[in-house]
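Heads up, the thing below is written out as structure tokens.
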Amino acid sequence: MINAFTRRWLPMPAQSLILFAVWLLLNNTLAVGHILLGAVLALGIPLLVSPMQSPQPRVRSHLRALRYALMVLYDILVANFEVAMRVIGPMGRLQPAFVALPLDIEGAVPITILASTISLTPGTVSAEVSEDRQWLYIHVLHLTDEAQLIAQIKSRYEAPLKEIFGC
Amino acid sequence: MLSTTIVIVSALICVSLIMNLIRLLRGPDLPDRILALDTLYINSIGLILLFGLYKGSALYFESALLIAMLGFVSTAALCKYLLRGDIIE
Amino acid sequence: MPPVIELIICAFLLLGGIFVLLGSFGLLRLPDFFTRLHAPTKATTLGLAGLLIGSMIYFFAVEQRLVVHELLITLFLLITAPVSAHMLAKAALHQKVRALKRTQGQALCNAVRKRQPPPADN
């Protein structure tokens, strides 16, 4: 009974919470009026948009997801220095390349997250996904060893995502 | 010390804005120009933030947020335009 | 404001400024579009994150209240930067922008344009 009630009137609880938090952050206040307005928005907007949702794989382990996010942040920080060195260094030695990366994960959201991670970690930009979602094409700024790069992306980013979404 | 740093960093960002402008004018292809515009708006966000720091006012963050959103949408729209134009041909 | 905090803020601002400069420098200097794509999407995003963290510390130290707009802007930029980079790469591939001559794996470009799997010998 309670379950059916919440599913009817609170279809996206996590998104409602995020919406509420972002509203308070945007207004930078904890005034009663804004809390009320934020609550109305956080309850009302999911009711309007929940029919448009397409089914997505659920996050299995929130702890793993958090660890993944922290790892990506760390990688962005560390590896940015590498790209900075490349930009200052001699252009003649650059060895750019297009690489096709075979995908093991499926589903729109996990592939999007993997592609965004690849774009944000320096040295690689994801360019296109093949129509059957089996291949991800990436452009590499400086390629030394293709097999090693693919293996690194697979073990460092794809395997944790696979565990997080369980697909 | 802080005000000196703000002026120095503003100068750095102004130099990068000029670099973006050169890339915007030189091209050679359309995606290059869009990329230059994209970088231009991100750098201008930095400049606005520094101005807010210089004035000691948090009001400028609203405009920075607005520019960030509008800039992303316009980049996406321009890319879509390029993609669609090619498909129709 | 204690000098230590001022020093920290200055360090963040300088780091941010330098990375923004490097991103734009890369945009100007790198030889072809696809390599150019690398510099602004990453270095500039990181640079801006540095600036934003610096200003967040400043307002926290001076006004004694948490200004969290910066966090929102940083998050927003972190989410949108790879998306716009991806769209730009896609647009460039479909526009047949020429890549640098020594780029490896250019045979893939045709397959990428049609969104097909790579040719078998690759």
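The values are calculated or read from the model by the stated rules, or taken from the named source; none is laboratory data. Note that this is a predicted model, so its numbers are computed, not measured. A quick note on method: Cβ atoms are made from the backbone with ideal geometry, for glycine too, and the neighbour counts reach across all protein chains shown.
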- Task: Only one of these is outside any helix (DSSP H, G or I) and in contact with a Phe, Trp or Tyr (Cβ under 9 Å, 6 or more places away or on another chain): B:A58, B:A68. Name it.
- Result: B:A58
- Query: Quick one: would you say A:L149 is assigned to a helix (DSSP H, G or I) and crowded, with 20+ Cβ neighbours inside 10 Å?
  - Reply: no
- Task: Report yes if B:L78 is in a helix (DSSP H, G or I), crowded, with 16+ Cβ neighbours inside 10 Å and at the interface with chain C (Cβ under 9 Å from one of its Cβ atoms), otherwise no.
- Result: yes
- From the list A:R67, A:R60, which residue is of a type in the set (K, R), surrounded by 11 or more Cβ atoms within 10 Å (Cβ to Cβ) and touching a Gly at 6+ places or on another chain (Cβ under 9 Å)? A:R60
- Message: List pairs: first residue in the range A:58-76 and over 30 Å from C:F19 (Cβ atoms), second residue among the β-branched types (V, I, T) anywhere in the structure, Cβ distance under 8 angstrom, at least six positions apart or on different chains.
- Response: A:V59/A:I164; A:R60/A:I164; A:S61/A:I164
- All but one of (1) within 14 Å of chain C (Cβ to nearest Cβ); (2) assigned to a helix (DSSP H, G or I); (3) free of Cβ contacts under 8 Å to residues at least 24 places away in the same chain; (4) of a type in the set (S, T, N, Q) hold for A:N80; which doesn't? (3)
- Meets criteria (part of a helix (DSSP H, G or I), more than 7 Å from chain C (Cβ to nearest Cβ) and over 27 Å from C:R98 (Cβ atoms)) for B:F51: yes
- Item | Among the residues listed as A:L101, A:L114, A:L94, the single one being surrounded by 14 or more Cβ atoms within 10 Å (Cβ to Cβ), more than 7 Å from chain C (Cβ to nearest Cβ) and not in a helix (DSSP H, G or I) | A:L101
- Message: One residue is enough: does the range C:54-71 have a residue meeting the conditions among the small types (G, A, S) and either closer than 26 Å to A:T124 by Cα or in contact with a Ser or Thr (Cβ under 8 Å, 6 or more places away or on another chain) (or both)?
- Response: no
- Item | Among the residues listed as A:M71, A:M85, the single one being assigned by TED's automatic domain parsing to the domain that holds A:I138, under 19 Å from the mean Cα position of the chain (by Cα) and not hydroxyl-bearing (S, T, Y) | A:M71
- Task: Give just the number: which of (1) in a helix (DSSP H, G or I); (2) facing chain C (nearest Cβ under 8 Å) does A:V125 not satisfy?
- Result: (1)
- Query: Wholly within the range C:14-122, which helices (runs of 4 or more DSSP H) include no fewer than the required count, namely at least 2 residues that are within 10 Å of chain B (Cβ to nearest Cβ) and over 14 Å from the mean Cα position of the chain (by Cα)?
  - Reply: C:45-63, C:69-94
- Note on the structure: The number of residues in the range C:78-93 that are of a type in the set (V, I, T) and crowded, with 24+ Cβ neighbours inside 10 Å is 0
